[in-house]
Amino acid sequence: MLMYQSINEKLASTIRRFIPDFKEEDLSFDRTGHCDLTVRTFRYKVENMESLKSAVLEESFVTNAVVKGKYLNLTIDSNYLLSLMHSSISTTGQYPDVFQDPERVSVEHTSINPTGPIHVGRVRNSIIGDSISRLLKRFGYRVTTQYFVNDSGKQMMSLYLAYDKYNSDKQPTPELLLEGYRRIYREMEGTGSETEVEEMIKKYEEGDPALINKVRKIAGVMLDDIKGDLRTIGIKIDDFTWESDFIVSGEVKTLISSLSDSIKTDGEAKYLEMKDGRKVFLTRSDGSSLYLARDIAYHMYKLSQSDWLITVLGEDHSEHGKTLTEILTTYFDLVKRLDFVFNAFVSLETGSMSTRKGNAITLKELIEKTCERSKEIITEKRGGKTSNDEIAMKIAISAIRFNILKVSASKAMVFRWEDALDFNGDSAPFIMYSYVRALNIIKKSVVSSDIENLTLSNRELEKEERALVLNMYTYPLILSEAVKNLKPEALANYAFMLSKSFNDFYEKCKVIDQEQEVTIRRLITATVYKSIIEDISSIIGIQLVKEM
RNA sequence: GGGCUUGUGGCCUAGUAUGGAUAAGGCACCGUCCUUCUAAGUCGGUGAUCGUGGGUUCAAAUCCCACCAGGCCCGCCA
């Protein structure tokens, strides 16, 4: 949790001396160019705006106040804000400060069936989930990331069966498995017969240890491939749980019997009736369990070790999320916090992506092309000098993560190569480049060693400098909102806005070779910017570089 | 048919939770700025009935209702 206390809180309490029911939300940083911070008084009866103004002016950090209709427009002392941020960074190493929260949070994401390599459509879920988990860690929570591995359904059985039928004499590789998977689906579609797979599901469900071992071995090959791809873009998952574990351990059976008072039956199949009348099935009529039953068991498992569960799912699972929530709250008296984040799909201009159809753009492919493009640009910028592969890779990965994260999760995306390979404007390289500029200023400045002990004068700042300081000051608010709404994309958008603001500062306010007091102040400004960008980058997965 | 969700300049997006001042950016296009901390940058310009129609309000991109269009779901699949 953040230690930060904003000046808004202090101001609000001062204002309450005149307006007892004043709410902090009527105090906001101004984006229309009238002032720094505005007080809106529309909702309240204010007899004397002038006396409110004088009271607010008593706050040392308010340097000016102007009444404009129902608005009270304030100018804030930028030097004060800058010194707040600077002292936080020099004493604790970061702004805002943070303290460890004992609450344990579980973040489940990705959880794709290991029937093929991860593709651009799926990786959105991973990027959002990973960013949320890093965001909560930054906020002080104890976070565990989770992946639920489906090894018991039709898709997994088909993958295994295909290997067993066509390629069992060969060493299983992701490519070989994928080829067999596509082939067996074509055959099943052709013959219309799925009996072989169905029999196998039944055997699996009965807990046949030899079969489970073999299927997991095959699934493991694909899963390792997925893990490797995720690792490349900086994503690590702590805990992998296999669906079949809950079948083998008998937890699914225990769960179902614990629900026996509420369960209804259709023939031999067991289901629960939801409040809206929907029937949700837990078992088939042959007694085998269904995904919902196993996922309830999985959620119970996660609940046993966490205080707050977050599950990132594709939007096709939104009904499932609703069902789970209803079951956990009504039948298991869940009091812990349970959140689902749904992401809309990424499609191609030609339509949806599908591993089975083979028209998906894999993450590998995306990384490769983006990296190539990145190398090209570096070579171009450096005037033909050799490019640095490590820097190119970091730029590529950051660009990929940023491009996918920056769009709100609920919004459908169309993947276009031209957008993916554009490193201008609203992109990670823009932010990374601004960061390099800040580093260069700090590196080249001669007074940097004394920066810890400097005091700021009260001299008026340039417009661009003031704007940057104010924008940086709001970082903790952005961070808190992102946590509250589970919207890591807010940080991506903020990082871009802040970098744009830094670029304005960079163009207009020279740091080196100015009057010493000006140099120092601007150096501190650049240092705070550097710190915030490092902080955000570690959350949204931008891999900063020292030169570009 | 029912449910969920999205609709903002030519294209892409932010803002919608908690209504508040001339709707904020990016791409593309036209023009500007490198002997000064890296031009992957800066500044200026063109370009918006915020899907449509009603309603609530002193005030609506934001709240309510209806409609239109796209996406997703409505399985003893996962």
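The values are calculated or read from the model by the stated rules, or taken from the named source; none is laboratory data. Since the structure is predicted, the reported quantities are computational estimates derived from the model, not experimental observations. FYI the Cβ positions are ideal-geometry reconstructions off the backbone, even for glycines, and counts take in every protein chain you see. Each accessible area value is taken on the protein alone, full model and side chains, heavy atoms only, with ligands, DNA and RNA left out. Shrake-Rupley method; radii C 1.70, N 1.55, O 1.52, S 1.80 Å.
Per-structure values
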quantity	calculated
Residue in the stretch A:163-192 that is least open to solvent (accessible area, probe 1.4 Å), counting only those that are within 16 Å of RNA strand B (Cβ to nearest atom) and not hydroxyl-bearing (Ser, Thr, Tyr)	A:184
Matching option when the condition is part of a strand (DSSP E or B), in contact with a helix residue (DSSP H, G or I) (Cβ under 8 Å, 6 or more places away or on another chain) and either within 13 Å of RNA strand B (Cβ to nearest atom) or of a type in the set (Lys, Arg) (or both), among A:312, A:280	A:280
Residue among A:133, A:60 that is surrounded by 22 or more Cβ atoms within 10 Å (Cβ to Cβ) and touching a residue at least 12 places away in the same chain (Cβ under 8 Å)	A:133
Pairs, first in contact (Cβ under 8 Å) with a residue 60 or more places away in the chain and not assigned by TED's automatic domain parsing to the domain that holds residue A:468 in the stretch A:414-438, second part of a helix (DSSP H, G or I) and not small (Gly, Ala, Ser), C-beta under 6 Å, six or more apart	none
Those residues of the stretch A:168-208 which are without any contact (Cβ under 8 Å) to a residue 40 or more places away in the chain and either among the hydrophobic types (A, V, I, L, M, F, W, C) or in contact with a strand residue (DSSP E or B) (Cβ under 6 Å, 6 or more places away or on another chain) (or both), in sequence order	A:176, A:184, A:188
Any pair with Cβ under 7 angstrom, 6 or more apart, that starts in the stretch A:144-167 at a residue that is in the same structural domain as residue A:185 (by TED's automatic domain parsing) and ends at one that is open to solvent by less than 10 Å² (accessible area, probe 1.4 Å) and basic (Lys, Arg)	A:146/A:302
Output for the stretch A:369-428, where each listed residue is among the charged types (D, E, K, R), assigned to a helix (DSSP H, G or I) and more than 21 Å from the chain's Cα centre (by Cα)	A:369, A:372, A:373, A:375, A:376, A:380, A:381, A:389, A:390, A:418
Subset of the stretch A:519-539 (residues that are under 15 Å from residue A:499 (Cα atoms) and open to solvent by less than 10 Å² (accessible area, probe 1.4 Å))	A:525, A:526, A:528, A:529, A:532, A:533, A:536, A:537
Count - residues of the stretch A:386-407 that are farther than 22 Å from residue A:352 by Cβ, within 11 Å of RNA strand B (Cβ to nearest atom) and either open to solvent by less than 30 Å² (accessible area, probe 1.4 Å) or not small (Gly, Ala, Ser) (or both)	8
From A:151, A:164, A:225, A:169, residue being outside any helix (DSSP H, G or I) and closer than 21 Å to residue A:356 by Cα	A:151
Within the stretch A:332-348, tally of residues that are among the acidic types (Asp, Glu) and either open to solvent by 40 Å² or more (accessible area, probe 1.4 Å) or within 11 Å of RNA strand B (Cβ to nearest atom) (or both)	1
Within the stretch A:13-48, tally of residues that are assigned to a helix (DSSP H, G or I) and within 13 Å of RNA strand B (Cβ to nearest atom)	3
Which listed residue, of A:244, A:285, A:289, A:249, is within 11 Å of RNA strand B (Cβ to nearest atom), under 15 Å from residue A:205 (Cα atoms) and free of Cβ contacts under 8 Å to residues at least 40 places away in the same chain	A:285
Residue check for residue A:410: among the hydroxyl-bearing types (Ser, Thr, Tyr) and within 10 Å of RNA strand B (Cβ to nearest atom)	yes
Scope the stretch A:447-493; condition in a loop (DSSP other than H, G, I, E, B), at pLDDT 95 or above and β-branched (Val, Ile, Thr); matching residues	A:474
Pairs, first within 6 Å of RNA strand B (Cβ to nearest atom) in the stretch A:316-328, second in a helix (DSSP H, G or I), C-beta under 9 Å, six or more apart	A:320/A:291; A:320/A:292; A:320/A:295
Within the stretch A:63-90, considering residues that are of a type in the set (Val, Ile, Thr), within 16 Å of RNA strand B (Cβ to nearest atom) and touching a residue at least 24 places away in the same chain (Cβ under 8 Å), the one least open to solvent (accessible area, probe 1.4 Å)	A:76
Options A:419, A:307; residue that is acidic (Asp, Glu), farther than 24 Å from residue A:175 by Cβ and away from RNA strand B (no atom under 12 Å from the Cβ)	A:307
Search result, residues across the stretch A:185-200 that are in a helix (DSSP H, G or I) and more than 19 Å from residue A:220 (Cβ to Cβ)	A:185, A:186, A:187, A:188, A:189, A:190, A:191, A:195, A:196, A:197, A:198, A:199
Unique match (being surrounded by fewer than 20 Cβ atoms within 10 Å (Cβ to Cβ) and in contact (Cβ under 8 Å) with a residue 24 or more places away in the chain) among A:102, A:117	A:102
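Residue-wise test of (1) surrounded by 13 or more Cβ atoms within 10 Å (Cβ to Cβ); (2) on the phi > 0 side of the Ramachandran plot; (3) at pLDDT 95 or above.
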site	(1), (2), (3)
A:209	no, no, no
A:217	no, no, no
A:224	no, no, yes
A:229	yes, no, yes
A:236	no, no, yes
A:239	yes, no, yes
A:244	yes, no, no
A:247	yes, no, no
A:253	yes, no, no
